[in-house]
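What follows is calculated from the coordinates using simple rules that are stated; it is not laboratory data. Remember, predicted model here, so these are calculated numbers, not experimental data. Virtual Cβ from ideal backbone geometry, glycine too; neighbours counted across all protein chains shown.
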Amino acid sequence: MAQESDFKKIIPALLKSRTGEFELESILFLKLRSLGIFDLGCIGECKNLERLDLSGNNITNVTPLASLRLLLVLNLSANRIANLEPICNCDSLQNLNVAGNLISSIENLQCLQSLEKMENIRLKDNTYNYTNPVCKNSSYRNILLEMFPNLKVLDGERVVGRGSDLYQLCKDIDDTIKAGMLNNGQLLELCDCKPWVEDGFWEIKRSNNVIIEEACKQFHDVLNECHLLNHKASHMITQTKRTLSNNSQPKQYTV
């Protein structure tokens, strides 16, 4: 029997083994991560796909994705993709991750402007050291924000809405701390045998205190929202497990 790692091209047998679905059109969620896939094959027959993870493969041609009109989330990170034009047909797409590919210029992204529901685009991921040649352009972020006016998250950083101000506030705090380490424009010497800091160093000035209080407030708001989402997710997982458990029990028939 063939192992999943033996499938370099997506075929019905692979999809059925991963999902347990008999009909390809019944598949809603699909994760085909790090399988060495280079040919998307029959993926276009999964007409009702909503979430697709193809990260960590050897994909260069994404043409078969053009028929996935209901796709909401698409992860193509860590592949060898240079042309995203077929994806412009995925009208419902909201979240696209193409970090770690070969996208070389802004022109390669202009084809996606027709995706009016796009809210989240990732072209680089510092956690995994994924990027694209276009990211070397110092103005690519500003250009993308102009190209996609409805964008909420770019490269993992929220640019509008709840939490967007938090990034700027954190930068302001960093600048404040750095300013406190300067004495008449010169860095304080750290090697002489004196107290680590001068008297009153830890006393936060009123102007700085406002920045920190606002940052803490927004941070707690975001944290509370995360806790709420986590609680909802745990509840849904528990319900799903219970349903699957009930469905897996053998049915009894009365003779």
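Structure values in brief
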read-out	value
Cβ-based charge dipole, the range 4-157, positive-most Cα from Leu30, Ser17, Ser55	Ser55
Trypsin sites (Lys or Arg not before Pro) restricted to the range 75-142 and DSSP loop, no more than 12 other C-beta within 10 Å	Lys117
Listed residue pairs exceeding 27 Å between alpha carbons, taken from Lys8/Lys241; Lys31/Lys117; Lys31/Lys136; Lys47/Lys117; Lys9/Lys241	Lys8/Lys241; Lys31/Lys136; Lys9/Lys241
Sparse-neighbourhood loop sites, chymotrypsin sites (Phe, Trp or Tyr not before Pro) in the range 1-104 - DSSP loop, at most 16 other Cβ within 10 angstrom	Phe22, Phe38
